[in-house]
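Here the structure comes first, spelled out in structure tokens, and everything after it is commentary.
The values are calculated or read from the model by the stated rules, or taken from the named source; none is laboratory data. Predicted model, so just to flag it, every value in this text is computed and none were measured. Positions of Cβ are backbone-derived with ideal geometry, glycine not excepted, and every protein chain shown enters the neighbour counts.
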Amino acid sequence: MGSDHYFSAQPSTPFTRKQIRVFLGGAERTVNTAGGIFSPDGVDKGTAVLLSEVPAPAPAGNLLDIGCGWGPIALSMALASPGATVHAVDVNERSLQLTRENAEGLGVDNLVATTPESVDPSLRFQTIWSNPPIRVGKDVLHGILLQWMPRLAPGGTAWLVVQKNLGSDSLQTWLSRELPTGFTVSRHTTAKSFRLLRVDRPADGTNGDAAGS
């Protein structure tokens, strides 16, 4: 596939913005995208499944989008929960820039787009939504999920959309085995060849930080 992927920190393709119309947060909106990022032509099928199936995010506290791309998930969370702070993380600097621009363009002021290492390690997240970067490879993907899933706040919930033929069922089994004691992993629904997985941290926080941050 070459060295320039949507998960490259600095894509080598020209940073040429284009505007597209998308449906987010209950309305049609104009956003900026560009080449060298994930799904630059619109809301991809997996993200659309997630956004159509998840319940509303927590109304307050810290929310997280892992692998934000140009920002459809993070923007949807921010629009739905103006009283919360949404953290959009990505290794791709172009994605982060576009997410910031799109938040500003939509009048969203409760979204912070940063690299993963820039997030305060003490933060815990009431809600996590993610279309995780499956194509980075199993080992890298597992590292990403073990970095963030244990950082659910007590009583918090994460929602992950994964294509069935890209290992959603084996990922569910792996998460159930690897997450700290008390966390539960379940299949919420299946739609359009995607599984929506749900991860819950117990409200009492039992061993929730055992895997660190």
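Only one entry of Val140, Val199, Val112, Val161 meets the criterion of being at pLDDT below 95, of a type in the set (A, V, I, L, M) and within 25 Å of Asn92 (Cβ to Cβ), and that entry is Val140.
If you go through segment 127-134 one residue at a time, do you hit one that is surrounded by fewer than 22 Cβ atoms within 10 Å (Cβ to Cβ), within 19 Å of Val43 (Cα to Cα), in contact (Cβ under 8 Å) with a residue 60 or more places away in the chain and among the small types (Gly, Ala, Ser)? Within segment 127-134, not a single residue is surrounded by fewer than 22 Cβ atoms within 10 Å (Cβ to Cβ), within 19 Å of Val43 (Cα to Cα), in contact (Cβ under 8 Å) with a residue 60 or more places away in the chain and among the small types (Gly, Ala, Ser). Considering only residues in segment 168-186 that are modelled with pLDDT of 95 or more and of a type in the set (D, E, K, R), the one that is surrounded by the fewest Cβ atoms within 10 Å (Cβ to Cβ) turns out to be Arg177. With the structure loaded, tell me whether Val43 is crowded, with 16+ Cβ neighbours inside 10 Å and either within 11 Å of the chain's Cα centre (by Cα) or over 22 Å from Leu141 (Cβ atoms) (or both) or whether it fails that test. In short, no. Here Val185 meets each of (1) within 22 Å of Val91 (Cβ to Cβ); (2) under 18 Å from the mean Cα position of the chain (by Cα) with one exception, condition (1). Is at least one residue of segment 68-78 hydroxyl-bearing (Ser, Thr, Tyr), modelled with pLDDT of 95 or more, surrounded by 21 or more Cβ atoms within 10 Å (Cβ to Cβ) and closer than 26 Å to Phe15 by Cα? Yes, segment 68-78 contains a residue that is hydroxyl-bearing (Ser, Thr, Tyr), modelled with pLDDT of 95 or more, surrounded by 21 or more Cβ atoms within 10 Å (Cβ to Cβ) and closer than 26 Å to Phe15 by Cα. With the requirement that a residue be in contact with a strand residue (DSSP E or B) (Cβ under 7 Å, 6 or more places away or on another chain), assigned to a loop (DSSP other than H, G, I, E, B) and within 22 Å of Phe194 (Cβ to Cβ), what does segment 111-140 give you? Passing the criteria: Asn131, Pro132. Given the options Ala48, Ala60, Ala9, name the one that is closer than 27 Å to Ser122 by Cα and either of a type in the set (Val, Ile, Thr) or modelled with pLDDT of 95 or more (or both). After applying the criteria, what remains is Ala60.
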